[in-house]
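Read-outs throughout are calculated quantities, based only on the coordinates presented, and are distinct from any laboratory measurement. Here the structure is a predicted model, which is why all the values come from computation and not from measurement. In this analysis, Cβ positions are derived from the backbone assuming ideal geometry, glycine residues included, and neighbour counts consider all displayed protein chains.
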Amino acid sequence: MAVWRPATHEIDPLLEAVANTARATILPTASINIPPPSADGICSQRLRDGRELRLKLSAHYLEQERRGPCTVLVYALQGNAVVDNRMGYRVTGQAVLDVATRAFLEVECQLKQVGPVMP
């Protein structure tokens, strides 16, 4: 059984925004405080540290599996992000959703810096 422990560090605002957008992409009812994407599918939002994020993210269903007593759906995440119209990132990750409760058991995102963005 897992034991709750307080956070030991502040969550990076960029990773937090990407994970929240991933949740909203998979389960639209989870889009609290996340503006809807524009017509081209790009989500724009201001991070809590003041930077501007533009993110295009997609989620693809991978499989249904059992994790302990839970039946879960596993999704792959991929996309691209631009911060302050200057730095580009490739986004990959995975999300796990409990079928019965519709709760996210895991949302893990990796950002790989791909370099400056040309205007």
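Among residues of the range 65-88 being over 16 Å from the mean Cα position of the chain (by Cα) and closer than 20 Å to THR29 by Cβ, the one that is surrounded by the fewest Cβ atoms within 10 Å (Cβ to Cβ) is THR71. Could you tell me whether any residue of the range 50-69 is touching a residue at least 40 places away in the same chain (Cβ under 8 Å) and in a strand (DSSP E or B)? No, because not a single residue in the range 50-69 is touching a residue at least 40 places away in the same chain (Cβ under 8 Å) and in a strand (DSSP E or B). Residues in the range 105-119 that are out of contact with any helix residue (DSSP H, G or I) (no Cβ under 6 Å at 6 or more places or on another chain) and hydrophobic (A, V, I, L, M, F, W, C): LEU105, LEU111, VAL114, VAL117, MET118. Within the range 31-49, being assigned to a strand (DSSP E or B) and among the basic types (Lys, Arg) holds for one residue alone: ARG46. Assigned to a strand (DSSP E or B), surrounded by 18 or more Cβ atoms within 10 Å (Cβ to Cβ) and more than 16 Å from the chain's Cα centre (by Cα), is that true of VAL91? Criteria not met by VAL91. Residues of the range 1-24 that are without any contact (Cβ under 8 Å) to a residue 40 or more places away in the chain, among the β-branched types (Val, Ile, Thr) and either in a helix (DSSP H, G or I) or out of contact with any helix residue (DSSP H, G or I) (no Cβ under 9 Å at 6 or more places or on another chain) (or both): VAL3, THR8, THR21. Scanning the range 94-104 for residues that are in a strand (DSSP E or B) and either exposed (fewer than 13 other Cβ atoms within 10 Å of the Cβ) or in contact (Cβ under 8 Å) with a residue 40 or more places away in the chain (or both) yields ALA95, LEU97, PHE104.
Out of curiosity, is GLN110 assigned to a strand (DSSP E or B), surrounded by 13 or more Cβ atoms within 10 Å (Cβ to Cβ) and of a type outside the set (Gly, Ala, Ser)? Answer is yes for this residue.
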